[in-house]
Structure formats: structure tokens, C-alpha cells
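Here is the structure we will look at.
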Amino acid sequence: MVRLGLIAVSVVLLLLALAWGFQRQLIYLPDTSAVTAGAGVEDVVLETSDGLRLGAWLVPARAPDRGIAVLVANGNGGNRAGRAPLAQALAARGLTVLLFDYRGYGGNDGSPSEEGLARDVRAAQRFLAEYGVPPERTVYFGESLGAAVTTELATSVAPGGLVLRSPFVDLASVGKEHYPFLPVGLLLRDEFPVAERLGRVKAPVVVVFGSADRVVPPEQSRAVAAAAPTLKDLVEIPDADHNDAELVHGPEVIAAVVRLADQL
């Protein structure tokens, strides 16, 4: 019995060690392929404070230009090519859009982490400011994990508005949904406390989520909305799962961004 107990403890410790060592491979799911811009899209390069050069696309607004930019922070998977339909739909409504890939995504050097993504999104914001769009004329659009990235940015560089698509309360809360057998809160290196940070954001906030989201439970997105001091809109898209087209770049998502932009 003692031997069996020791074996069981050893197995548990091994699993915990593996979870600790490989957790970022479970969190970040990059498509590392280099991507090529299509027609009407400008290839640009962002420079981070720690010396990385990140690929990005600037999608100019079509007439009439509202003079507002949307900074898009991706979720944890894929690369910026998957967000091109979102950018084109927003550009068609008169909004300039910046798509970029985090470190380790889309052919970029580096490995993703919470600190690294914070540097990456700041490089994107600086680019837009140098391009001539000040923060107060910029909407930060964060998708899932990107909602955590843009919320953290908004606590230090206030935007005109903040759109959070499928946000979670914090990474531990959503991790427990998918790994209930692990002490996720004790193991995580990257915390991404969205709801806690959102309490310090004074910009108007819009939360968009799908009622059938199997990645980020809808109740978590509702809890994030409840934490926003200046919630302007809560948009629930019926029967939409996390990566369904209507939640990624559907008309209700585009309309929610445009409504917020019209208030700036």
C-alpha cells in the first residue's frame, strides 16, 4: 500500500511538473506561418520595446473616413490572416484597422507570454499614434485572450473606447473550465486578470459574446461586463460559438464597433 501510495504521488507530481513546464504550449496556439497582405492592405512593421520586429497590416478606411482607427488584438490561436474579414468589414464602414501578430505568431520571432504580449500591443498603439491617430480616436478591439491584452493596455494608455469580444474573467477561471483536474490557479505563470483590470478603465466599454460559446463560458463574459465602470453596450449573439463567423466578424459585431466609434 505504501508503495502504491508513493507511485500515485509520483504520478501526480509528474503531471503537475509537466503542466507547469508546458503550460504556455497549452495557452498559446500560434500559426507560425508567414502571411502575405492582400490588395488594398499595407504591410507594416512594429518595433517592440525589447527589440522585436512584428509583422502587421494596416487596412485603410474606405470613404467616408471616420478618422478613427481600430487596433485589433487577436485571440490565442491562428494569426492575423484569420482576422482579415473583420478588418475589411470595419474598413468598409469608414474605420482604419491595424492587424498585427504577437511574438511567435505569423512568422514573428520570440515566444508569447503575458509580459511579451503587453509589449507587443504597445508597439501597435505607438504605431497608430505615429501614423496620426491619437489614443482618444482609437478603439481597442480585443478578441478572447486579446480582450485581456487590450484591457491591460487601456489601464495605462486610455483609448476612445474598448470592445471586448468573448472576454474571460481571468485566465485561471477559464482554465478551470477546461482542466478541472488541475490546480490551475496555482500553476499559471500568466494571469491575465481582465475583470480586475477593467475596474480601472474609464473609457466606454462594449462586451460582445456568443450564447453558445464552448471556449469562454457566456457567464464569464457577462461577469466581465458587470465589472466595467462605463459599460455602454452588452451584445449577446444567440447560438454563436467561440469561432463562429457571426461572432468573429458578423454584422452584429461590426455594428457594435461602429456604434461605439460614432460616440468618439
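May I ask for the Kirkwood hydrodynamic radius of the stretch 86-145, worked out over all distinct Cα pairs and given in angstroms to one decimal?
It is 12.8 Å.
What fraction of the Cα pairs in the stretch 18-99, stated in percent, has a spacing above 14 angstrom?
67
Can you work out the Karplus-derived ³J(HN,Hα) for every residue in the stretch 101-112? Use 6.51 cos²θ - 1.76 cosθ + 1.60 with θ = phi - 60°, whole Hz, and x for glycine or proline.
10, 5, 4, x, 10, x, x, 7, 6, x, 10, x
Could you order 242, 249 so the one with the most accessible surface comes first? Probe is 1.4 Å.
Most to least solvent-accessible, the answer reads 249, 242.
Over the Cα atoms of the stretch 105-193, what radius of gyration and what Dmax do you get, in Å?
Values for the stretch 105-193 (Cα only, Rg and Dmax): 14.6, 49 Å.
May I ask you to give the percent of accessible area on the chain that is carbon plus sulfur, with a probe radius of 1.4 Å?
Exposed carbon and sulfur together represent 57 percent of the surface.
With +1 on the Cβ of every Lys and Arg and -1 on the Cβ of every Asp and Glu, and nothing else charged, how large is the dipole of the stretch 92-204 about its Cα centre, in debye rounded to the nearest 20?
With Lys and Arg at +1 and Asp and Glu at -1, about 340 debye.
Calculated from DSSP H runs of 4 or more alone, at -39500 (n - 2.57) each and per residue, what is the 222 nm mean residue ellipticity of the chain, nearest 500?
-11500 deg cm²/dmol
In debye to the nearest 20, how big a dipole does the chain give about its Cα centre with +1 on each Lys and Arg Cβ and -1 on each Asp and Glu Cβ?
Roughly 300 debye for the chain.
Which three lengths, in whole Å and largest first, does the stretch 134-245 cover when its Cα atoms are put on their principal axes?
45, 33, 21
Which of the helices in the chain meet the span-like rule: DSSP H, Cα axial reach of 24 Å or more, Kyte-Doolittle mean at least 0.5?
The answer, listed by residue number, is 2-21.
For residue 70, enumerate residues with amide H under 5 Å from its amide H, sequence gap 5+ or separate chain, H modeled in the peptide plane.
Close amide H contacts, sequence-distant or interchain: 96, 97, 98, 139.
Kindly give the semi-axes, whole Å and largest first, of the ellipsoid equivalent to the stretch 43-179, taking each as the square root of 5 times a Cα gyration tensor eigenvalue.
Sorted largest first and rounded, they come to 23, 17, 14 Å.
Non-local amide H neighbours of residue 163 (under 5 Å, H modeled in plane, Pro and chain starts lacking H): which ones?
Here 140, 141, 142, 206 satisfy the definition.
With a 1.4 Å probe and all protein chains in place, put 26, 98 in order of accessible area, largest first.
26, 98
Students sometimes get this wrong: rank 47, 130 by accessible area, probe 1.4 Å, all chains present, largest first.
So, going from the largest accessible area down, we get 130, 47.
Could you list the trypsin sites (Lys or Arg not before Pro) in the stretch 210-249 that lie in coil according to DSSP, counting only those with at most 16 other Cβ atoms within 10 Å of their Cβ?
Passing sites in the stretch 210-249 are 214.
Accessible area of residue 32, 1.4 Å probe, to the nearest 10 Å²?
Rounded to the nearest 10, that gives 90 Å².
After finding the eigenvalues of the alpha carbon gyration tensor for the chain, what semi-axes result from the square roots of 5 times each, listed largest first in whole Å?
Ellipsoid semi-axes (Å, largest first): 33, 21, 16.
The values are calculated or read from the model by the stated rules, or taken from the named source; none is laboratory data. Computed from a predicted model, the values in this text were never measured in an experiment. Heads up, the Cβs are rebuilt from the backbone with ideal geometry, glycines too, and the neighbour counts pull from every protein chain shown. Heads up: the accessible areas ignore ligands, DNA and RNA and are worked out on the full protein's heavy atoms, side chains in. Shrake-Rupley method; radii C 1.70, N 1.55, O 1.52, S 1.80 Å.
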